[in-house]
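Inspection log for the structure reproduced underneath, given as structure tokens.
The values are calculated or read from the model by the stated rules, or taken from the named source; none is laboratory data. Because the structure is a prediction, the values reported are computed rather than measured. Here the Cβ positions follow ideal geometry from the backbone for every residue, glycine too, while neighbour counts run over all protein chains shown.
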Amino acid sequence: MNGRTCDLAIVGGGLSGSLAALALARKRPDVSVRLIDAGEAIGGNHRWSWFGSDISPEGAELLSPIRQNVWESGNDVAFPEHRRTLSTPYLSMSSPDLDTALRRSLPDDALVLRRRATALDANGVTLEDGTRINARAVVDARGFAPTQHLQGGWQVFMGRHIRLAGPHGLERPTIMDARVEQLGGYRFVYVLPLSAYELFVEDTYYQDTPTLDCSALSSRIDAYASEHGWDGEIIGFETGVLPVITSGNFERYQALNRSHGVARIGAGAGFTHPLTSYTMPFAVQCALAIAADADLPGDQLAAKMEARARSHWDAMGFYRLLGSMLFGAAPPEQRVRVFQRFYRMPEDLIERFYAGQSTMADKTRLLIGRPPVPIFGALHALASKRPSLIHTDESKIA
Ligand SMILES: Cc1cc2nc3c(=O)[nH]c(=O)nc-3n(C[C@H](O)[C@H](O)[C@H](O)COP(=O)(O)OP(=O)(O)OC[C@H]3O[C@@H](n4cnc5c(N)ncnc54)[C@H](O)[C@@H]3O)c2cc1C
């Protein structure tokens, strides 16, 4: 290997980095990989979910070594004016499930955990204790970092995993229960029946600031669970403060985040759905692309992923526009009307929306008709610039 430690060094064992390592292990076992993460385990503390229609058959095959909850019977939504069951299957996996699958699929020396990378370059990675990992190609999957070059709002949430004393009787997930009090933005509760006795209940807000008020969200989850008779033992929880991108200077963003000759993937590279903040469909696509290009020299892989990120940014423009209208056109408590109207649309249009694959006809359909928010507000929203996506640790209130 010409003095190299490995062929590919991936920094960041979150969703995108882990899936890239998994794709390489499954499709290119001859390529030696190091997956480096600062954390104790792969994937941090997350539950990732997605619609069956978000992922290609090849993508589903990639995810197959990971234990997943699969709800073939579809998913529910509930709004003040209507309820609906959609037939699209829904899936979910946890970070411990991802960690287990990676440990089983990768050779023992591939995982480098509890090690922070301090420098990435075209020929390798330097860790904080000075260890050098030389590689033919380096992939940066370190996640999203706040930036002044992108603007928008925030999706803030707390999720709780509860074990009940008796069965809850739910058949399928509720993706959005927006009949709850609308506080400070578009608010909904998300419920996954993980097993007959276990539920995952998440309280989510599309809000203007990145403030996560843990005690308020925790008591609102208590109240929602109690109303439904779901009192039980808390066995896990997660929180998130995710950017909802409505505009930005992507070229500048890329330039400032570029390490010369290093390929970038994941949320930090811009592979997100600007409005839902989900990355799963794009993380799977990038993982497959990295495996397909595993023989490229590092600088070529870097250039290819950067061009891919630019095309993704261009393709997501419509969702940024919808995001501007969501945040800018309606008072926060009335944002629910935008989603309520959206969920009256045909099921295949909704599927393409979440997968980031809306057609021209879908886009037209979403924009025409009686708007759910005042038209002048919508026009004003499009003309005005939203705040930069910057937050600080003080954003989290315990
Ligand atoms: C709680 C939560 C739930 C989410 N749920 C969903 C969902 O259901 N569906 C969906 O599609 N999206 C979801 N998202 C959004 C998005 O998919 C995730 O944020 C996703 O994990 C982003 O993947 P990533 O690989 O870019 O970054 P991350 O998964 O955040 O991974 C980055 C990794 O890099 C490591 N790292 C950073 N710096 C260094 C360093 N210097 N050295 C070594 N390691 C480093 C970190 O420890 C981390 O493990 C969720 C986000 C959160 C926070």
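Does A9 qualify as being within 10 Å of the ligand (Cβ to nearest atom), of a type in the set (A, V, I, L, M) and either under 16 Å from A267 (Cα atoms) or in contact (Cβ under 8 Å) with a residue 12 or more places away in the chain (or both)? Before the answer, list the steps.
Numbers: within 10 Å of the ligand (Cβ to nearest atom): no; of a type in the set (A, V, I, L, M): yes; either under 16 Å from A267 (Cα atoms) or in contact (Cβ under 8 Å) with a residue 12 or more places away in the chain (or both): yes.
Judged against the criteria, A9 is not a match.
Hey, among D109, D121, which residue is within 16 Å of the ligand (Cβ to nearest atom), acidic (D, E), more than 26 Å from E238 (Cβ to Cβ) and surrounded by fewer than 20 Cβ atoms within 10 Å (Cβ to Cβ)?
D121
Could you list, in sequence order, the residues of the stretch 8-45 that are in contact with a strand residue (DSSP E or B) (Cβ under 6 Å, 6 or more places away or on another chain) and part of a loop (DSSP other than H, G, I, E, B)?
G13, V31, S32, N45
Between L275, L322, L326, which is within 13 Å of the ligand (Cβ to nearest atom), closer than 18 Å to W154 by Cβ and not hydroxyl-bearing (S, T, Y)?
Values: L322 fails: within 13 Å of the ligand (Cβ to nearest atom); L326 fails: within 13 Å of the ligand (Cβ to nearest atom).
Only one candidate qualifies: L275.
In the stretch 213-249, how many are buried (at least 17 other Cβ atoms within 10 Å of the Cβ), hydrophobic (A, V, I, L, M, F, W, C) and more than 16 Å from the ligand (Cβ to nearest atom)?
Of the residues in the stretch 213-249, 2 are buried (at least 17 other Cβ atoms within 10 Å of the Cβ), hydrophobic (A, V, I, L, M, F, W, C) and more than 16 Å from the ligand (Cβ to nearest atom).
Determine, yes or no, whether H312 is within 16 Å of the ligand (Cβ to nearest atom), closer than 26 Å to W50 by Cα and assigned to a loop (DSSP other than H, G, I, E, B).
no
Go through the residues of the stretch 75-98 one by one and say whether even a single one is under 21 Å from A141 (Cβ atoms), within 16 Å of the ligand (Cβ to nearest atom) and free of Cβ contacts under 8 Å to residues at least 40 places away in the same chain.
For the stretch 75-98, residues under 21 Å from A141 (Cβ atoms), within 16 Å of the ligand (Cβ to nearest atom) and free of Cβ contacts under 8 Å to residues at least 40 places away in the same chain: present.
Each row is one residue, and each column tells you yes or no for (1) under 18 Å from A355 (Cβ atoms); (2) away from the ligand (no atom under 12 Å from the Cβ); (3) in a loop (DSSP other than H, G, I, E, B).
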{"position": "G268", "(1), (2), (3)": "no, no, no"}
{"position": "A283", "(1), (2), (3)": "yes, no, no"}
{"position": "I290", "(1), (2), (3)": "no, yes, no"}
{"position": "D299", "(1), (2), (3)": "no, yes, no"}
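Give the residues of the stretch 359-373 that are assigned to a loop (DSSP other than H, G, I, E, B) and at pLDDT below 95, sorted by residue number.
I368, G369, R370, P371, P372, V373
With A255, A315, A303 as the choices, which residue is out of contact with any Cys (no Cβ under 6 Å at 6 or more places or on another chain), at pLDDT below 95 and surrounded by fewer than 18 Cβ atoms within 10 Å (Cβ to Cβ)?
Result: A255 is the single residue among A255, A315, A303 that is out of contact with any Cys (no Cβ under 6 Å at 6 or more places or on another chain), at pLDDT below 95 and surrounded by fewer than 18 Cβ atoms within 10 Å (Cβ to Cβ).
Find the residue count for the stretch 130-181, including only residues that are assigned to a loop (DSSP other than H, G, I, E, B), within 12 Å of the ligand (Cβ to nearest atom) and either farther than 23 Å from A20 by Cβ or of a type in the set (D, E, K, R) (or both).
Here the count works out to 2.
Condition first: over 21 Å from G261 (Cβ atoms) and within 11 Å of the ligand (Cβ to nearest atom). Now tell me which residues in the stretch 14-26 satisfy that.
Once the filter is applied, which keeps residues that are over 21 Å from G261 (Cβ atoms) and within 11 Å of the ligand (Cβ to nearest atom), the stretch 14-26 yields G14, L15, S18, L19.
Any chance the stretch 45-66 includes a residue that's more than 10 Å from the ligand (Cβ to nearest atom), at negative phi and of a type in the set (D, E, K, R)?
yes
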